[in-house]
Amino acid sequence: MSNSREQILQKIKQALQDKVPVPFPDVPLNLTQFNTSEEEDLALEFASHFSNLQGRFSYCSNEAELILQLKTLIEARKWDKLFCREIELQNNLATAGLGLQYFHDLSGCDCAITGCEYLVARTGSILLSSASESGRTTSVYAPVHICIAYSSQLVHDIDDALMQVRAKYGAHFPSLVSLATGPSRTADIEKTLVVGVHGPKEVFCFLVQQ
């Protein structure tokens, strides 16, 4: 692992362990003024927000580390009904050393594996679109959602992500663009926060250095 990658990983680990309180909670901040452009800053910001929203974040310095972590997770959870509709993602995982048998029933799967369009650092959100083979439902109906993303997909704000999507697809803008911000949750039941009612109970994001 290079020194720069090791520094990123250490920053992320430290941010997840040591919560820093807001110094001036009564002062509204215009966060768009603090537009971080450095890749490691975006990774750190995304990891912090995503984890605070009960997402499960994992940083991988390369694809070999991604495969190792995925295999460890799948074996530990004893998942055998893995759903993945994205052929390119299946092929990439197989090429990197993770050959899986995929389950074809989304409603009965243990977890769903998808890619994404972008990761929004400011909100800890995963931006997905209907342009991928995962379509509209994969990240919503599976009990567990695993997203595999790359550092090149990190952006600061939602506006940045939407501009990138528009530049990418041009006149063929996806019919649906959605944001997944941690596991699904509701406080409608006696004002008690309940996780996993209308969507996945767990969301994992594996961020691969690229």
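Only the coordinates and a few stated rules stand behind these numbers; no lab work does. As the structure is a computational prediction, the values presented were derived from the model and not from experiment. Glycine gets a Cβ as well: all are built from the backbone with ideal geometry, and neighbour counts include every protein chain shown.
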Revision key, fill the gap. Of the residues in region 51-69, those that are under 17 Å from Cys111 (Cβ atoms) and touching a strand residue (DSSP E or B) at 6+ places or on another chain (Cβ under 7 Å) number 7
Revision key, fill the gap. Note on region 125-147: residues out of contact with any strand residue (DSSP E or B) (no Cβ under 6 Å at 6 or more places or on another chain) and either farther than 27 Å from Leu44 by Cβ or surrounded by 24 or more Cβ atoms within 10 Å (Cβ to Cβ) (or both) are Ser130, Ala131, Glu133, Gly135, Arg136, Thr137, Val140, Tyr141, Pro143
Check your understanding: Of the residues Glu117, Glu86, which single one is closer than 26 Å to Glu45 by Cβ and of a type outside the set (S, T, N, Q)?
Key -> Glu117
Check your understanding: Do we find a residue being in contact with a Ser or Thr (Cβ under 7 Å, 6 or more places away or on another chain) and either of a type in the set (Ser, Thr, Tyr) or within 14 Å of Leu207 (Cα to Cα) (or both) anywhere in region 68-87?
Key -> yes
